[in-house]
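Below: the structure, in structure tokens.
The values are calculated or read from the model by the stated rules, or taken from the named source; none is laboratory data. A quick note: this is a predicted structure, and the numbers were derived from the prediction, not measured. Because the Cβ atoms are built from the backbone with ideal geometry, glycine has one as well, and the counts that use them run over all protein chains shown.
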Amino acid sequence: MIYTLTNKNPGFPISAAIIAQIDEEKRVRHTREMILLFGLGSQFDHLIKQEIEKLGVFCMVADPATISSDDVKQVAPIGIILSGGPSSVVDEPPPLDKTILGLGIPTLGICLGLQGIAQYVGAEVTSASQSPSGYREFGTHIATITEDSSSVNALFRGLPRMMDVLESHGDCVQPSPKLTILATTENAPVAAARGAAKEHQHLYGVQFHPEVEETQFGSRILANFCFGVCGAKESFRAQDEAEIKTEWLRQEIGDKLVVIGLSAGSDSSTCAHLVKKALNDQPGRVLGVYIKATDRPEDEEFVRRHFGNQDWIELKVVDATSQFLKALRNQPWWWPSKWCPLQRRITMKQKRRAMKRVYHQVLEDEITIFAAAKNRPRDEVVIIQGTLYTDLCESGHGYNTGARRATIKEHHNVGIPFSVKELCPLDDCVKDNGRNIGRAIGVPEELLTRHPFPGPGLIVRIEGEVTADKLRIARAADKIWIDELRDKGFYHKVWQAGVFVTQSGTTCTKGDDATSGLVIIFWAVNSTNGFTARAADLPMSFLRRVSQRMTNEIREVGAAAYRTSDKPPTTIEFG
Ligand code: XMP
């Protein structure tokens with residue numbers, strides 16, 4: 001369900017079939033208006049789409065490598081957005097037909113997109129080392145509006161003069177008579193700008209990221225662009241998304257059986273409810289598989305409570321702990337450790353891959369068992385996964401825009417070579433809109449608002465080899481942390497919280513003896529979708545109590561530390 005506007009025969013007009021598909025997309029959304037988002041490879045591409053769609057405006061992602069200005073004219077968007085990306089207009093320009101910028105269609109460049117616009121109008125873009133402070137900008141900075149006239153500066157209409165903005169850029173646009181500067185930050189003389197010449201006044205750009213929550217008034221800036229600059233008037237409802245997905249599942253599943261991996265989180269639960277709706281609660285068609293091994297203490301209870309004893313789904317709990325532990329050993333099973341006194345250090349990447357193999361195998365086995373139980377051939381089963389767009393994107397997939405995309409981490413549920421058809425109804429969603437779809441179809445709020453938990457589970461929250469003991473310690477620490485958060489009313493005030501079991505030892509005194517204990521790191525972040533995050537500001541007395549409980553109640557723990565770093569640069573999970 002990922003739709004990227006691509007021209008398969010560059011140089012020729014895009015096909016009538018694609019135009020018909022776009023018309024259909026508009027029809028189901030009850031709109032004739034569309035914003036075209038050229039994804040230049042940013043980790044935030046989808047977030048821009050999500051933010052625009054939250055405003056009720058239809059946004060379609062376009063491939064900058066194949067869509068020409070003639071194609072743009074044909075699909076007639078009301079506005080264009082150029083996203084950020086990992087390339088640099090100075091030495092590695094992203095693919096884009098620059099004549100698109102000359103069409104007169106209102107355009108907003110974000111980060112790399114602004115730099116592309118600046119270059120197009122004739123302003124200079126330099127490496128940030130030439131900026132006044134010599135620093136590149138990563139993280140939150142204060143932007144000051146420098147252009148007061150709201151007819152010139154429609155982007156910032158109605159906003160206060162100063163605001164926090166999230167920046168993450170290496171290159172810098174230099175002031176130029178070709179640009180009207182709309183805002184500046186300490187290190188970026190051009191934090192927002194508009195083309196100065198009459199023929200460039202439809203071109204706007206911001207150096208910061210309005211699509212992330214760290215940017216104050218980011219959604220107001222995008223709304224000003226859509227409604228104020230582009231003149232959008234029509235919108236669609238989130239409920240329609242749920243209906244589109246239900247209908248899509250109904251057609252894709254046909255009369256086949258369904259196996260769905262359940263984790264008690266919002267994504268897999270929403271997918272299960274979409275399937276329930278698509279199959280009209282028909283019994284005997286759906287198997288929910290809960291794989292127990294690297295899960296949180298409460299997960300099994302949640303799955304049993306919400307998916308056990310129901311007519312439309314059979315629930316199977318598979319305890320795969322021993323398979324996972326075997327796969328996650330420091331040495332392969334056939335390598336006796338006496339032959340290798342120097343133990344290999346197993347990396348997160350290796351653990352993620354090993355976990356993925358076992359996860360795949362367990363599901364394939366369950367597909368075989370379920371098909372046999374129903375007297376149906378294996379290929380009459382489809383597997384449903386709650387994969388989000390975020391997972392695809394971080395694994396280096398995502399919208400196929402032809403631009404280079406960095407791989408952040410390989411997700412366990414992306415790119416598995418299943419032997420049966422795989423359906424991922426939420427793979428065009430991030431956490432937030434996945435949750436909204438869940439709400440629209442009545443998924444219990446208790447499931448929707450649980451903290452996100454990574455698919456590989458505690459594996460990515462344990463440094464080095466994963467052992468039964470370390471899993472026990474991670475669970476015990478997680479339970480203390482989450483119980484305390486719930487108890488003091490902080491659970492729903494933070495977006496996600498967890499613990500990390502390090503391999504570091506600390507000297508500690510428990511009783512009269514000096515011993516060595518493990519260091520645990522516990523963390524909590526605020527975020528809307530995990531793309532960016534800020535360490536939650538929690539009272540010191542509360543943190544001290546959690547730390548005391550961990551060191552007192554878990555024999556092996558010598559110290560517990562609270563993490564205060566933000567994302568970027570730190571990712572939410574340690575692995
Ligand atoms: P990071 O660590 O990349 O995490 O800042 C962003 C969000 O994604 C979750 N996460 C994962 N979820 N499979 C998942 O299903 C994974 O491999 C994975 N890695 C990270 C993480 O918990 C956070 O909410």
Seminar exercise, completed: Only unsatisfied item for D512, checking (1) among the acidic types (D, E); (2) more than 27 Å from T532 (Cα to Cα); (3) within 16 Å of the ligand (Cβ to nearest atom), is (3)
Problem set entry | Subset of the range 469-489 (residues that are modelled with pLDDT of 95 or more and among the small types (G, A, S)) | A474, A476, A477
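Looking at the range 482-497 only, could you name the residues that are away from the ligand (no atom under 16 Å from the Cβ), in a helix (DSSP H, G or I) and free of Cβ contacts under 8 Å to residues at least 40 places away in the same chain?
Result: D483, R486, D487.
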For this session: Being away from the ligand (no atom under 16 Å from the Cβ), basic (K, R) and in a loop (DSSP other than H, G, I, E, B) is the filter here, so list the residues in the range 547-575 that pass it.
Result: R555
For this session: Test L518 against the criterion of being under 12 Å from V494 (Cβ atoms) and more than 16 Å from the ligand (Cβ to nearest atom), and give yes or no.
Result: no
Seminar exercise, completed: Taking the range 425-476 and keeping only residues that are part of a helix (DSSP H, G or I), away from the ligand (no atom under 16 Å from the Cβ) and aliphatic (A, V, I, L, M), one is left with I437, A440, A468, L471, I473, A476
Seminar exercise, completed: Counting only strands (runs of 3 or more DSSP E) wholly inside the range 13-82, the ones holding at least 3 residues that are under 23 Å from G530 (Cα atoms) are 59-62
Exercise. Take the residues of the range 492-540 that are farther than 22 Å from G575 by Cβ and at pLDDT 95 or above: which is surrounded by the most Cβ atoms within 10 Å (Cβ to Cβ)?
Worked result: L538
